[in-house]
Amino acid sequence: MNDLKGLRAVVTGGASGIGLATACLLAQRGARVAVLDLDVDAVAPPLAGIRADVGDDVQVRAAVAAATDVLGGLDILVNNAGIGAVGTVADNPDEQWRHVLDINVLGMVRTTRAALPHLRASAHAAIVNTCSIAATAGLPQRALYSASKGAVLSLTMAMAADHVRQGIRVNCVNPGTVDTPWVGRLLDSAADPQAERAALNARQPHGRLVSAQEVAAAIVYLASPAAASTTGTVLAVDGGMAGLRLRPAGN
Ligand code: NAD
């Protein structure tokens with residue numbers, strides 16, 4: 001399918017996991033794609049790698065300018081870069097709260113702010129934010145991370161309202177637990193990685209982790225002209241975790 005031919009996309013956090021799968025799918029569908037990430041050494045053509053920390057406004061502005069130069073404009077912004085945090089509300093120091101909110105929430109503000117003038121000039125402008133099941137379900141040991149993704153959900157709705165009349169759609173995806181290097185690192189640090197993986201599999205009604213490609217497919221749909229009447233929505237990609245209430249197996 002070549003339905004995104006002529007469109008130009010930027011994916012933050014696009015060097016790994018969900019972002020990389022999204023960048024590859026956008027390119028496969030015909031878009032020209034630039035990846036903004038802390039480390040772009042492994043980013044290969046057809047993707048253009050541009051090093052930037054979404055925590056730094058100067059770097060973000062320079063990177064978005066470089067991306068729009070390379071791509072010849074911008075139609076799609078995927079705000080995907082994010083970091084995790086483990087703990088209850090009692091556990092994370094203020095400095096960590098500031099850092100995670102700075103990357104996960106303000107990171108999206110910075111890239112969007114820099115991208116808006118280019119998106120306003122596009123005939124098919126779309127922003128997709130990577131949010132999380134943690135925005136809508138109470139997960140243990142994720143107070144700070146959940147707060148950051150709750151903010152992303154609200155920010156998505158506010159941005160959708162602010163920019164709909166400029167022809168810019170804004171949506172987000174809420175993945176469940178996705179089998180990416182991030183989750184691999186979490187599993188590696190568990191006392192019993194196999195038991196931890198089994199517990200994460202079991203938490204999702206469809207019985208397994210979500211794949212990065214499944215989240216990418218949802219992001220690319222929301223970014224594509226096929227979703228031209230869809231804005232201000234949340235698309236769950238979580239194996240049913242947010243909405244289903246199953247009885248125990250066999251009952
Ligand atoms: P990942 O660690 O595999 O990839 C994240 C990428 O973001 C990395 O390439 C990293 O270098 C980049 N990044 C981190 N901080 C950055 C910064 N300051 N500036 C620029 N780039 C930065 O993680 P992933 O699992 O693919 O997660 C991607 C997004 O999906 C995150 O926003 C995360 O919160 C969200 N998410 C992940 C899961 C999951 O289970 N993996 C579930 C729900 C939501």
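The values are calculated or read from the model by the stated rules, or taken from the named source; none is laboratory data. Small disclaimer: the values here were computed from a predicted structure and weren't measured. Positions of Cβ are generated from backbone atoms using ideal geometry, with glycine treated the same way; all protein chains shown enter the neighbour counts.
General observations
- V210 being touching a Cys at 6+ places or on another chain (Cβ under 7 Å) and either away from the ligand (no atom under 15 Å from the Cβ) or at pLDDT 95 or above (or both): no
- In segment 1-41, the residues that are among the aliphatic types (A, V, I, L, M), away from the ligand (no atom under 14 Å from the Cβ) and assigned to a loop (DSSP other than H, G, I, E, B): M1, L4, L7, A31
- Breaking point among (1) outside the structural domain of Q204 (by TED's automatic domain parsing); (2) of a type outside the set (F, W, Y); (3) outside any loop (DSSP other than H, G, I, E, B), for L187: (1)
- Within segment 42-66, the residues that satisfy the criterion of being surrounded by 16 or more Cβ atoms within 10 Å (Cβ to Cβ), within 13 Å of the ligand (Cβ to nearest atom) and not acidic (D, E) are V43, L47, G49, I50, R51, A52, V54, G55, Q59, V60, A63, V64.
Per-residue answers, yes or no, for (1) loosely packed, with under 13 Cβ neighbours inside 10 Å; (2) without any contact (Cβ under 8 Å) to a residue 40 or more places away in the chain; (3) closer than 30 Å to R110 by Cα:
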| position | (1), (2), (3) |
| --- | --- |
| V164 | no, no, yes |
| I168 | no, no, yes |
| L200 | no, yes, no |
| A223 | no, no, yes |
| A228 | yes, no, yes |
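- Any hit, segment 131-147, residues being in a loop (DSSP other than H, G, I, E, B) and within 14 Å of A9 (Cα to Cα): no
- Of residues in segment 156-184 being part of a helix (DSSP H, G or I) and within 13 Å of the ligand (Cβ to nearest atom), the one nearest to V210 (Cα to Cα): V183
- Scanning segment 4-41 for residues that are small (G, A, S), surrounded by fewer than 22 Cβ atoms within 10 Å (Cβ to Cβ) and within 18 Å of A217 (Cβ to Cβ) yields a count of 3.
- Some residue of segment 113-129 being within 11 Å of the ligand (Cβ to nearest atom), closer than 30 Å to L7 by Cα and not in a helix (DSSP H, G or I): yes
- If the condition is being within 20 Å of G17 (Cβ to Cβ), in a loop (DSSP other than H, G, I, E, B) and of a type outside the set (D, E), then segment 208-251 contributes R208, L209, S211, G239, M241.
- All positions within segment 71-109 that are crowded, with 18+ Cβ neighbours inside 10 Å, more than 11 Å from the ligand (Cβ to nearest atom) and either basic (K, R) or not in a loop (DSSP other than H, G, I, E, B) (or both): L71, I76, L77
- Meets criteria (modelled with pLDDT of 95 or more, more than 28 Å from N2 (Cα to Cα), exposed (fewer than 13 other Cβ atoms within 10 Å of the Cβ) and within 16 Å of the ligand (Cβ to nearest atom)) for G150: no
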